[in-house]
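A short worksheet on the structure shown next.
The values are calculated or read from the model by the stated rules, or taken from the named source; none is laboratory data. These figures come from a predicted structure and were not determined experimentally. Every residue, glycine among them, receives a Cβ derived from its backbone with ideal geometry; neighbour counts consider all protein chains shown. All accessible areas refer to the heavy atoms of the entire protein, side chains included, with ligands and DNA or RNA removed. Shrake-Rupley method; radii C 1.70, N 1.55, O 1.52, S 1.80 Å.
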Amino acid sequence: MTKRSFSGLLAAALLLLIAGLMMRAERQEARVEPGRDEEGAVTLHNGWRLAPAGRHVTVGNLPLALIQSPDARHLIVTNDGYGKPTLSVIDVASWSAKEHFPLEHAWLGLAWHPDGTRLFSSGASQNAVQELKYENGSLAPLRVIQLPPAKNAFVGGLAPHPDGTRLFVVRVLPQDLVVIDLTRGEVEKTLPLAAEPYTSVVSADGKKLYVSVWGGAKVLEIDSATATVAREIAVGEHPNAMMLTRDGRLFVACANTNAVWAVDLASGRSREQISVALYPDAPAGSTPNSLAGSPDDRTLLVANADNNTVAVVDISKRDRSHVTGFIPAGWYPTGAIFSRDGKQIFVISGKGLASAANPNGPLPTDPTRRRPRDQYTGSMFR
């Protein structure tokens, strides 16, 4: 090898070394650590960035559902995570938590009695429904309505009949629909289902009940008077939340897809599959899990749990629905509703606004700290 050739190789090696060092420096400079930045946004431990819109108030552990009080002064949020369940009462005017009402068991189901003075909460593994009195922003227990005995029973969503005489309750396990006579506080009928249900909604005239079959990729239309299945409506995988419009459409969020299915109830067929993904042809993973309409039935809100957004959908024209934009939410949004006057939007974020360290939590390598303490990670998402 000549001296000139050796010098050329040495120069090339130096150039490669410098380029490598520059790339490494750029990677180090671009690295972002978890935590809050100067703009107030939060970077999670997985690198995702949260910059939610609006004002925020802390509720409880894994909020799953929220409703506004009949007088529009308060919000009720059910918190159903690792910690002890609670119902948070939020004062809308002051935007503060007025009360955290403790429950032994709760999950998802939350509904007003038509008279507006009573609130129903599903009792999860308690296999019961809690009936609570509501007055001026405060809750008080009224009665516990026990459901038929069943192995590993778990209560899901619930819906009262418009005339206030009955309450329809679905049980994820043992896969059935339970009809409760509210006058007597007793079970009127039980309808077995072929797969796990999630929740139900009642038509405005009270004649039809729609049950989303979480484990069956379908919705059941049920005659509310006889509690018998009238027909099955095929939708996407993992149907959960539903919303009815006055013009005869049923919107169904299907969590194992990126879509909300719009069903024409006259024909019983899906007319639209509205994509709520952030970009075209995105793989499944948005996880739509909550639906709510505006008071004028022109706009639909879709909580997308796994991309931390609320999709805003224009549904004013049949068969021509389209997403108009996305509202950045907190971590894992599980619900979004319009205020009763349609001027505000309320969103719950299942895992809160940031991850947190747990220095006092369990440490597997230390025998003295094997048992979870108050800083077990599962109870820190607020």
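Which of the residues spanning the range 227-243 are outside any loop (DSSP other than H, G, I, E, B) and not aliphatic (A, V, I, L, M)?
Answer for the range 227-243, where residues must be outside any loop (DSSP other than H, G, I, E, B) and not aliphatic (A, V, I, L, M): THR228, ARG231, GLU232, PRO239, ASN240.
I'd like to verify a number: residues in the range 82-102 that are in contact with a strand residue (DSSP E or B) (Cβ under 8 Å, 6 or more places away or on another chain), surrounded by fewer than 22 Cβ atoms within 10 Å (Cβ to Cβ) and over 15 Å from LEU132 (Cα atoms), how many?
Number satisfying all stated conditions: 6.
Return the residues of the range 244-256 that are in a strand (DSSP E or B) and open to solvent by less than 20 Å² (accessible area, probe 1.4 Å); say none if nothing qualifies.
ARG249, LEU250, PHE251, VAL252, ALA253, CYS254
Which condition does ILE345 not pass, out of (1) more than 23 Å from GLY285 (Cα to Cα); (2) modelled with pLDDT under 95; (3) not charged (D, E, K, R), if it passes all the others?
That leaves (2) as the condition not met.
Considering each residue of the range 257-294, count those that are assigned to a loop (DSSP other than H, G, I, E, B) and within 28 Å of ASP341 (Cβ to Cβ), and give that number.
Selection size over the range 257-294: 3.
Among residues belonging to the range 133-154 that are more than 13 Å from VAL172 (Cβ to Cβ) and in contact (Cβ under 8 Å) with a residue 24 or more places away in the chain, point out the one that is surrounded by the most Cβ atoms within 10 Å (Cβ to Cβ).
TYR134
Assess whether THR78 counts as being under 19 Å from SER290 (Cβ atoms) and either polar (S, T, N, Q) or surrounded by fewer than 17 Cβ atoms within 10 Å (Cβ to Cβ) (or both). It would help to see each step written out before you state the result.
Numbers: under 19 Å from SER290 (Cβ atoms): yes; either polar (S, T, N, Q) or surrounded by fewer than 17 Cβ atoms within 10 Å (Cβ to Cβ) (or both): yes.
Judged against the criteria, THR78 is a match.
Identify the residue in the range 257-268 that is closer than 11 Å to THR287 by Cα and of a type in the set (S, T, N, Q) and, among all such residues, is surrounded by the fewest Cβ atoms within 10 Å (Cβ to Cβ).
Filtering the range 257-268 for residues closer than 11 Å to THR287 by Cα gives 257-260.
Right, trim to of a type in the set (S, T, N, Q) and you get 257-258.
Details: THR257: 23, ASN258: 25.
Top of the filtered list is THR257.
When the residues of the range 319-343 are narrowed to those that are without any contact (Cβ under 8 Å) to a residue 60 or more places away in the chain and exposed (fewer than 14 other Cβ atoms within 10 Å of the Cβ), which ends up nearest to LEU50 (Cα to Cα)?
Top of the filtered list is GLY325.
Here are SER355, SER316: which of them is hydroxyl-bearing (Ser, Thr, Tyr) and either in contact with a Ser or Thr (Cβ under 8 Å, 6 or more places away or on another chain) or in a strand (DSSP E or B) (or both)? Please lay out each step first, then the result.
Details: SER355 fails: either in contact with a Ser or Thr (Cβ under 8 Å, 6 or more places away or on another chain) or in a strand (DSSP E or B) (or both).
Unique residue meeting the criteria: SER316.
Scan GLY335, GLY342, GLY325, GLY361 and give me the residue that is under 19 Å from MET380 (Cβ atoms) and not aromatic (Phe, Trp, Tyr). Don't jump to the end; show me each part of the working.
Values: GLY335 fails: under 19 Å from MET380 (Cβ atoms); GLY342 fails: under 19 Å from MET380 (Cβ atoms); GLY325 fails: under 19 Å from MET380 (Cβ atoms).
On inspection, the qualifying residue turns out to be GLY361.
Hey, among SER316, SER355, which residue is at pLDDT 95 or above, surrounded by fewer than 21 Cβ atoms within 10 Å (Cβ to Cβ), over 17 Å from the mean Cα position of the chain (by Cα) and polar (S, T, N, Q)?
Only one candidate qualifies: SER316.
May I ask you to verify whether HIS161 is within 27 Å of PRO239 (Cα to Cα) and either modelled with pLDDT under 95 or in contact with a Ser or Thr (Cβ under 7 Å, 6 or more places away or on another chain) (or both)?
Answer is yes for this residue.
Condition check ((1) in contact with a helix residue (DSSP H, G or I) (Cβ under 8 Å, 6 or more places away or on another chain); (2) within 24 Å of GLY350 (Cα to Cα)) across all residues:
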residue	(1), (2)
SER94	no, yes
GLN130	no, yes
TYR134	no, no
PRO149	no, no
PHE154	yes, yes
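Picking from PRO162, PRO192, PRO85, PRO114, which residue would you name as being within 20 Å of ALA225 (Cβ to Cβ) and in contact with a His (Cβ under 9 Å, 6 or more places away or on another chain)?
Being within 20 Å of ALA225 (Cβ to Cβ) and in contact with a His (Cβ under 9 Å, 6 or more places away or on another chain) holds for just one of PRO162, PRO192, PRO85, PRO114, which is PRO114.
Quick one: how many residues across the range 269-284 are touching a strand residue (DSSP E or B) at 6+ places or on another chain (Cβ under 9 Å) and either at positive phi or exposed (fewer than 13 other Cβ atoms within 10 Å of the Cβ) (or both)?
Going through the range 269-284 one residue at a time, the tally reaches 1.
Taking GLN375, is it modelled with pLDDT of 95 or more, surrounded by fewer than 15 Cβ atoms within 10 Å (Cβ to Cβ) and either under 23 Å from the mean Cα position of the chain (by Cα) or under 23 Å from ASP80 (Cα atoms) (or both)?
no
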